[in-house]
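Here's the structure, in structure tokens; my notes come after.
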Amino acid sequence: MKKLLTILAITGLLFLGSVQNSYAVTTAVQTEEAAAEAADGKTFHQVLKQRFIEGGPFFMGIVLIALILGLAIAIERIIYLNMATTNTDKLMTSIEDALSSGGVEAAKEVARNTKGPVASIFYQGLDRMDEGIEQAEKAVVSYGGVQMGLLEKNTSWLSLFIALAPMLGFMGTVIGMIGAFDSIEAANDISPGVVAGGIKVALLTTVFGLIVAIILQIFYNYIISKIDSIVNNMEDASITLVDLLIRHKK
């Protein structure tokens with residue numbers, strides 16, 4: 001009986017000791033994590049700047065230039081396309097009223113005073129009205145192609161930057177891996193510390209190039225969808241204008 005009590009007492013003391021040790025270890029770990037978080041308490045801007053520098057100024061700088069130029073083109077296109085958007089139904093009603101009341105000259109004046117590619121196409125068709133319906137229709141179709149080219153201006157450069165950014169990132173990756181193998185060759189050692197720097201540079205350039213491509217791709221898809229919407233309105237409005245001119249000629 002005494003031996004059993006002695007064993008239970010020793011077991012209890014060991015258990016209490018282990019609990020205290022576990023609590024002490026847990027407290028120490030929490031303290032170390034809090035100290036690490038306090039030491040690493042950097043803003044997103046600081047972290048981004050640090051990663052950019054670690055990725056190497058050459059390739060990261062080129063990818064950054066691709067991002068800046070791509071964003072400049074995207075913003076310019078978005079502003080232009082928003083200004084080119086026209087309420088075609090309202091314009092069509094104004095043109096029809098002007099034709100009924102003042103004839104072709106009044107309709108041309110309405111088209112001249114309205115901004116946007118649709119109004120420009122209307123003006124070209126009305127301006128050829130005295131040459132016949134066929135010439136007016138040809139003018140509408142021809143000038144529609146010109147306006148479409150203006151809408152798609154510089155979008156090829158944007159697609160170039162979308163393709164170029166990840167390619168530059170991958171090139172930085174290859175160069176970083178080459179640097180890692182050079183370090184292995186120089187140190188004659190394959191330990192992680194020797195190759196970590198080169199691999200880190202490789203991964204950072206790849207990530208940054210992919211981020212740039214993703215950002216520009218989002219803008220590119222929005223611009224293309226905006227262009228398609230305007231082109232569809234142009235085509236519908238052109239057909240409606242030709243029908244209106246045929247009715248007016250009769």
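Taken together, the values in this text are just the output of simple stated rules run on the coordinates, not laboratory data. Since the structure is predicted, the reported quantities are computational estimates derived from the model, not experimental observations. With ideal geometry, Cβ positions are generated from the backbone for all residues, glycine too; neighbour counts draw on all protein chains shown.
Under the 0.36 nm per residue contour assumption, what length would be gained going from the current alpha-carbon distance of I133 and S100 to full extension?
Contour length minus the Cα-Cα distance gives 10.2 nm.
Mind sorting L64, L216 by how few other Cβ atoms lie within 10 Å of their own Cβ, fewest first?
Least crowded to most crowded, the residues run L64, L216.
Using the 10 angstrom Cβ neighbour count as an exposure proxy, how do T206, T155 rank, fewest first?
T155, T206
How would D236, D127, D228 line up from fewest to most surrounding beta-carbon atoms within 10 angstrom?
D228, D236, D127
First measure r as the distance between the Cβ atoms of V231 and L160, then evaluate 1/(1 + (r/R0)^6) with R0 = 22 Å and state the FRET efficiency to the nearest 0.05.
0.50
Add +1 for every Lys or Arg and -1 for every Asp or Glu among the other residues with Cβ under 11 Å from the Cβ of E105, and state the total.
-1
Please give the length that would be gained between A72 and I246 if that part of the chain were fully extended, namely 0.36 nm times their separation in residues minus their C-alpha to C-alpha distance (nm, one decimal).
That pair, A72 and I246, stretches by 58.2 nm at full extension.
Need one word for the range 122-177: rounded, prolate or oblate. Basis is the Cα gyration tensor (sqrt eigenvalues a ≥ b ≥ c); a/c below 1.5 gives rounded, then a/b vs b/c decides.
prolate
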